[in-house]
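Student: Handing you this structure, nothing more for now.
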Amino acid sequence: MTQPAPSSDPVILSRTQAGVRTLTLNRPDKLNAANDALLLTLTAELQAAGQDPAVRVVVVTGAGRGFCAGQDLGDVAGRDMTFTEHLQHTYNPLIRTIRGLDKPVLTAVNGVAAGAGASLALAGDIRLWARSASLIEVFSNIALVPDSGSTWFLPRLVGYHRAFELMALAEKVGAEDALRLGLCEHVFPDETFGEEVQRYAERLAARPLHALALTKRALQAALSSTLDQALDLEAELQQLAGDHWEHEEGVTAFRARRAPDFRREG
Ligand code: LHQ
């Protein structure tokens, strides 16, 4: 019997334009369902983008009509890892990398985001959706528990009760409802989605990156802190921001009545 030829298509496509690195999940025939190679490569690409001074903003999106259908269910049989090991080895480092990256990560949800793909869609700092995109907390269809951060993200966005309902019934949330529920920040037409995402990302790339990295850190810490702790952390981080050249540039530009240039190195 002939063996299928090994695919030479990269599981993640990477391109950089105007400071925006776009990482595209590239298994379109399976709605970009995730196998280990996809998850580990995406995590490594995100880490590399974090280290690359030419990259100011990272976009994660999907090739074809899906964003990510979650775990590739054809890739789980005969696995020598437990569920726990699998998550700790692949999905959890991915979500931690996104949340910990010192650069804004946009999830550009071009189509269906299901299971761990829904978690990935929610993990972006800013979530941009195409009009035909959708999200399904599909885990209960195969009698699993939501993972990859869904149990953390979703109740913070929609409250405990709606989160439980979405998870229990695995109902599809369309773009209009996602916008209303706070699962995404913007919805763009399918036809112009790629251009709109790039334009949005370039707008963000012109912002003061060091200050945004500190803002990301402060907001995430505040999600599990007291007001007292948040006030202390703000005071600490404000010193780092105030000592940075970006702050001087912002104030100088304001006084000179010109636009600040945060893209230059200080
Ligand atoms: C797929 C998949 C898929 C393989 C579509 N795998 N092929 C973590 C750690 C450990 C273990 C388990 O899980 C996890 C986390 C998880 O993510 S669990 C959740 C896993 N994901 C799912 O259960 C989703 C399964 N997929 C679906 O429910 C549907 O495909 C959705 C609702 C995503 C899209 O429906 P449709 O738009 O009707 O598309 P389709 O079902 O026709 O799919 C298109 C193709 O993609 C099809 O292949 P084919 O060769 O027939 O064209 C599907 O088999 C394939 N595909 N999801 N997860």
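Student: Given the residues 96, 79, which is the only one that is farther than 28 Å from residue 221 by Cα, among the charged types (D, E, K, R) and more than 7 Å from the ligand (Cβ to nearest atom)?
Tutor: Criteria check complete, one pass: 79.
Student: So, in region 232-266, exactly how many residues are in a helix (DSSP H, G or I), farther than 28 Å from residue 221 by Cβ and not β-branched (Val, Ile, Thr)?
Tutor: 3
Student: Search region 19-34 for residues that are more than 14 Å from residue 121 (Cβ to Cβ) and pair each with any residue that is within 12 Å of the ligand (Cβ to nearest atom) and open to solvent by 40 Å² or more (accessible area, probe 1.4 Å) when their beta-carbon atoms are under 6 Å apart and the residues are at least 6 apart or on different chains.
Tutor: These pairs meet every condition: 28/64.
Student: Out of region 49-75, which residues are in a strand (DSSP E or B) and of a type in the set (A, V, I, L, M)?
Tutor: 57, 58, 59, 60
Student: If I filter region 187-203 for residues that are modelled with pLDDT of 95 or more and within 16 Å of the ligand (Cβ to nearest atom), do I get at least one hit?
Tutor: Yes; the residues of region 187-203 include at least one that is modelled with pLDDT of 95 or more and within 16 Å of the ligand (Cβ to nearest atom).
Student: Given the criteria surrounded by 17 or more Cβ atoms within 10 Å (Cβ to Cβ), within 11 Å of the ligand (Cβ to nearest atom) and over 22 Å from residue 194 (Cα atoms), does residue 115 qualify?
Tutor: Criteria met by residue 115.
Student: Being near the ligand (Cβ under 8 Å from one of its atoms) and either under 22 Å from residue 99 (Cβ atoms) or open to solvent by less than 40 Å² (accessible area, probe 1.4 Å) (or both) is true for just one of 44, 63, 33. Which residue is that?
Tutor: 33
Student: While we're looking at this one, here's another question. In region 122-155, how many are without any contact (Cβ under 8 Å) to a residue 60 or more places away in the chain and either part of a strand (DSSP E or B) or open to solvent by less than 10 Å² (accessible area, probe 1.4 Å) (or both)?
Tutor: 9
Student: Tell me which residues, restricted to region 166-198, are surrounded by 13 or more Cβ atoms within 10 Å (Cβ to Cβ), part of a helix (DSSP H, G or I), of a type in the set (D, E, K, R) and without any contact (Cβ under 8 Å) to a residue 60 or more places away in the chain.
Tutor: Passing the criteria: only 177.
Student: Here is a follow-up. Within region 52-59, identify whether any single residue is open to solvent by 50 Å² or more (accessible area, probe 1.4 Å) and out of contact with any Cys (no Cβ under 8 Å at 6 or more places or on another chain), and answer yes or no.
Tutor: Scanning region 52-59 turns up at least one residue that is open to solvent by 50 Å² or more (accessible area, probe 1.4 Å) and out of contact with any Cys (no Cβ under 8 Å at 6 or more places or on another chain).
Student: State all residues of region 93-119 that are out of contact with any helix residue (DSSP H, G or I) (no Cβ under 7 Å at 6 or more places or on another chain) and of a type in the set (A, V, I, L, M, F, W, C); if no residue qualifies, say none.
Tutor: Hit for region 93-119 is 112, nothing else.
The values are calculated or read from the model by the stated rules, or taken from the named source; none is laboratory data. No experiment lies behind these values; they were computed from the predicted model shown. When we count neighbours, we look across all protein chains shown, and the Cβ atoms used for this are built from the backbone with ideal geometry, even at glycine. Remember, those area values only see protein heavy atoms, side chains included, never the ligands or the DNA or RNA. Shrake-Rupley method; radii C 1.70, N 1.55, O 1.52, S 1.80 Å.
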